2 protein chains.
Amino acid sequence: MDFEVGQSATTTRMVTEEDVNEFARISGDTNPVHMEESFASKTRFGRRIAHGAFVTSLISKVAGNQLPGPGSIVLSSSFSFHSPCYIGDTITAKITIKRYRKDKPLIFTSCEVVNQDGECLVTGDVAIYFEKVDS
Amino acid sequence: MDFEVGQSATTTRMVTEEDVNEFARISGDTNPVHMEESFASKTRFGRRIAHGAFVTSLISKVAGNQLPGPGSIVLSSSFSFHSPCYIGDTITAKITIKRYRKDKPLIFTSCEVVNQDGECLVTGDVAIYFEKVDS
């Protein structure tokens, strides 16, 4: 695979109440800030927010499907959560290559997730190894 | 809430094929290393492995349900992935308090995920803020 520094890929989705409920079910994280409107309304957020781990799973999607794509394996990740993702938000995850190894299938990326207003929800760094497999 | 350095909480679950399929569906990450036995068999792993983001969602579960529990919000996370989680593995996620603020509801934790053989799959650090809400 050929890469360039600055090369990027994105994916966008709307986050529905069903997404949040499903993520709670599969992860087992039933924190009421995600699941209970009455609880969430008393927090600084004012209403239910998506799990941070769900928001960053969109970065996993970009890595696994697009850049570097099938066969990719995240070796390390580091995320900072700046603003909440609300139900109904449309969020875009982006991965950008910062550097890469020429002797190994390994890329070092920066990543971010923004909402429909351009507000930055998450920033981070992800190192991704990948195997090229003849299928 | 009162905390102590060294205080910890864990959760354990078996990872099923259905879990991996569901996580792929909800995240949209259909990387064949997770989804296609024929592809995965040609990688260094030899068979399908769970998404790293699914494995670390177990840490989100411990934070949201147990330590510090309901109302918790992850501010930052940093994970290193050392070994894969295979379908059928029984994994345990653990959060341990490294330090905490006395003036703010904020704990700094180390975390790990191990499998049924005690093999370490993931290590990391997570900073967690929490709101106490009268429900």
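No value in this document is a laboratory result; all are computed from the given coordinates. The shown structure was predicted, so the numbers you read here are calculated from the model rather than taken from an experiment. Glycine gets a Cβ as well: all are built from the backbone with ideal geometry, and neighbour counts include every protein chain shown.
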Can you tell me how many residues within the range A:60-76 are farther than 16 Å from B:HIS34 by Cβ and crowded, with 22+ Cβ neighbours inside 10 Å? 1
For the range A:33-91, the count of residues that are more than 7 Å from chain B (Cβ to nearest Cβ), farther than 23 Å from B:GLU22 by Cα and within 15 Å of the chain's Cα centre (by Cα) equals 3
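Filter the range B:13-32 down to residues that are at the interface with chain A (Cβ under 8 Å from one of its Cβ atoms), more than 18 Å from A:PRO68 (Cα to Cα) and not aromatic (Phe, Trp, Tyr), then give me how many there are. So that I can check it myself, show each step before the final result.
Step one: filter the range B:13-32 for residues at the interface with chain A (Cβ under 8 Å from one of its Cβ atoms), giving B:13, B:19, B:22-23, B:26-32.
Still in the list and also more than 18 Å from A:PRO68 (Cα to Cα): B:13, B:19, B:22-23, B:26.
Filter once more, keeping what is not aromatic (Phe, Trp, Tyr): B:13, B:19, B:22, B:26.
Count: 4.
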Where a residue in the range A:24-50 is assigned to a loop (DSSP other than H, G, I, E, B) and its partner, wherever it lies, is exposed (fewer than 15 other Cβ atoms within 10 Å of the Cβ) and of a type in the set (Gly, Ala, Ser), with Cβ under 7 Å and at least six apart: A:ARG47/A:SER41
Out of A:ILE97, A:ILE107, sole residue that is over 20 Å from B:HIS51 (Cα atoms), of a type in the set (A, V, I, L, M, F, W, C) and in contact (Cβ under 8 Å) with a residue 12 or more places away in the chain: A:ILE97
Within the range B:109-126, does at least one residue satisfy the condition of being within 12 Å of another protein chain (Cβ to nearest Cβ), of a type in the set (Asp, Glu) and surrounded by fewer than 19 Cβ atoms within 10 Å (Cβ to Cβ)? yes
